[in-house]
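Chemist: Here it is, the structure in full.
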Amino acid sequence: MSSGAPLNGFTAAATILKWLRAAHGQAVVRVDLDQVREGLPGSPLGKDVRVIKPPMPSPVESCEGMLVRNPKDAAEWGIFVNREAGPERRRFTIAHELGHFVLHRARQGSFRCDKESIHFGLDTSAVIEREADEFASNILMPGDVLRDAIANRRIDLKVLSDLAKTFEVSFEALCIRFIKYTDQRAILLHWDNGFLKYEWRSKSAVRTRARIRRTSDPQEPLPGTLAADESVAQAWDGIELPASRWCAEEAPYMKLREFKHSYGARDRVLTLLVLEGAEPRPWDQSWQDGESFDSYDQFVSNE
Ligand SMILES: [Zn+2]
């Protein structure tokens, strides 16, 4: 790193994107992971490594992905991927393993990554799993490209789905990334068999204290919402609702747009809530209550 910035998922991905753009022009939107894999050995991020072999099907069923150093040849590394996973998922997993390669290979000679730790980067995951996910998200969905693509634009699920196709990532991964980069007040909810599994809020949602009403634990969809309407599987254009139906603290005149996407055997549902704009409350310090943003956000807010 010429800037001397500490190496993390964001800075490592930014360095590689800079190399790719220098070699192939600014127009790099969909990153070629083979190019990254082949280019890393011998580069400043892949010192003392001769080769990272092309991804092979994982021999361990419970593993979504693995990164392994050849025990007989320390200069050779290999990546293994769950062969059952779809193409977008495999792509994210390979990027995640390349993240371990760049960030963590000095610590250990093998990495076995399960489904839960790849792609979500949950707070419950080990730090190195979150870092590898951060690398994967940043290399596959460059923040500057995404920010330009969603700026000043009416967002619906078709727009997000088209972006996911452009980046060749899963719809869900793109939606999570959208939440991190949008200037709008937005909340993404992931339901698993009718119960809330994950909730992500955009920065401005956090700063204006927009949060969903909690009525049960585990949380179920709130009455009168699309999420609660089992007759509706998809609502990509969304419907308008009073914001207070989801968020108890919203003023009665505020509106939101609720979108719905069901997948799997319709047992998994994504709900996207895009709220009307509201002034941040400068006296409200709740956004400092340990809300975690990715390092790009920290980077921006530290400027
Ligand atoms: Zn991992």
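All of the numbers you see were taken from the coordinates with simple rules; none came from a lab. None of the values given here were measured: they were computed from a predicted structure. No Cβ is skipped: glycine too gets one built from the backbone with ideal geometry, and neighbour counts run over all protein chains shown.
Chemist: Please give the contour-minus-distance gain from residue 209 to residue 161: 0.36 nm per residue of separation, less the Cα-Cα distance, rounded to one decimal in nm.
Modeler: Length gained, residue 209 through residue 161: 14.5 nm.
Chemist: Follow-up. Fewest first, what order do 166, 208, 11 take by the number of other Cβ atoms within 10 Å?
Modeler: 166, 11, 208
Chemist: How far is helix 127-140 tilted, in degrees, relative to the longest principal axis of the Cα atoms in the chain, given as a value from 0 to 90 rounded to the nearest 10?
Modeler: 90
Chemist: Within 10 Å of each candidate Cβ there may be at most 13 other Cβ atoms; applying that plus a DSSP loop requirement, which trypsin sites (Lys or Arg not before Pro) in segment 58-149 survive?
Modeler: Values: sites: 69, 72, 83, 89, 90, 91, 105, 107, 112, 115, 130, 147; in loops: 72, 83, 105, 107, 115.
Taking segment 58-149 and a limit of 13 other Cβ atoms within 10 Å, the loop trypsin sites (Lys or Arg not before Pro) found are 72, 83, 107.
Chemist: Related question: From the P(r) of segment 205-257, could you give the percentage of C-alpha pairs in the tail past 18 Å?
Modeler: Within segment 205-257, distances greater than 18 Å cover 36 percent of Cα pairs.
Chemist: What list of whole percents do you get for P(r) of the chain, with Cα-Cα distances grouped in 20 Å bins up to the one holding the largest distance?
Modeler: Histogramming the chain at 20 Å steps yields 32, 55, 13, 0 percent.
Chemist: For the residue pair residue 47 and residue 234, what label-to-label distance in nm results when each label sits 7 Å from Cα along the Cα-to-beta-carbon direction?
Modeler: Here the answer is 5.1 nm between the modelled labels.
Chemist: Which value does Rg/Rh take for segment 71-184 over its C-alpha atoms, Rh per Kirkwood? Present the calculation step by step, with values, prior to reporting the outcome.
Modeler: Values: Rg = 15.3 Å, Rh = 15.0 Å.
For segment 71-184, the value is 1.02.
Chemist: Reachable lysines from residue 18, Cα under 21 Å, same-chain residues fewer than 8 places away excluded?
Modeler: Qualifying lysines at Cα under 21 Å: 47.
Chemist: Do the sum for the chain: with -39,500 (n - 2.57) for every DSSP H run of n ≥ 4, divided by all residues, what is the mean residue ellipticity at 222 nm, to the nearest 500 deg cm²/dmol?
Modeler: Roughly -9500 deg cm²/dmol at 222 nm, from the helical runs in the chain.
Chemist: Also, quick follow-up: Would you mind checking the radius of gyration and Dmax of segment 35-109 based on alpha-carbon positions, in Å?
Modeler: Here Rg and the maximum Cα pair distance are 11.9, 34 Å.
Chemist: Just add up the charged neighbours of residue 51: K/R +1, D/E -1, any other residue whose Cβ is under 14 Å from the Cβ of residue 51.
Modeler: Summing Lys and Arg as +1 and Asp and Glu as -1 gives +2.
Chemist: Still on this structure, please answer the following. What distance in nm lies between label points placed 7 Å from Cα along the C-beta direction at residue 73 and residue 248?
Modeler: For residue 73 paired with residue 248, the spin-label model returns 6.2 nm.
Chemist: Could you compute the FRET efficiency for residue 114 and residue 83, with r as their C-beta to C-beta distance and R0 at 22 Å, rounded to 0.05?
Modeler: 0.90
Chemist: How big is segment 110-239 in terms of Cα radius of gyration and Dmax, in angstroms?
Modeler: 15.6, 49
Chemist: When Rg is the radius of gyration of the Cα atoms in segment 9-140 and Rh is its Kirkwood radius, what does Rg/Rh come to?
Modeler: Answer for segment 9-140: 0.94.
Chemist: Which order do 175, 113 fall in if you start with the one that has the fewest other Cβ atoms within 10 Å?
Modeler: Ascending Cβ contact count within 10 Å gives the list 175, 113.
Chemist: So, counting K/R as plus one and D/E as minus one, what does the shell of residues with Cβ under 10 Å around residue 37 add up to?
Modeler: So the environment of residue 37 carries a net charge of -3.
Chemist: State, to one decimal in nm, how far the label point of residue 62 lies from the label point of residue 126, with both points 7 Å from Cα in the Cβ direction.
Modeler: It works out to 1.4 nm between the two label points.
Chemist: For segment 146-205, just say rounded, prolate or oblate: build the C-alpha gyration tensor, square-root its eigenvalues into a ≥ b ≥ c, call rounded for a/c under 1.5, and beyond that prolate if a/b exceeds b/c, oblate if not.
Modeler: Oblate is the answer for segment 146-205, as a/c is 1.5 or above yet b/c matches or exceeds a/b.
Chemist: Count charges around residue 196 for me, please; just the other residues with Cβ under 10 Å from its Cβ, Lys/Arg as +1, Asp/Glu as -1.
Modeler: Taking every other residue near residue 196 into account, the sum is -2.
Chemist: Could you tell me how many degrees, from 0 to 90 and to the nearest 10, lie between the Cα long axis of helix 9-24 and the main elongation axis, the longest principal axis, of the Cα atoms of the chain?
Modeler: So the helix axis and the longest Cα principal axis differ by about 70 degrees.
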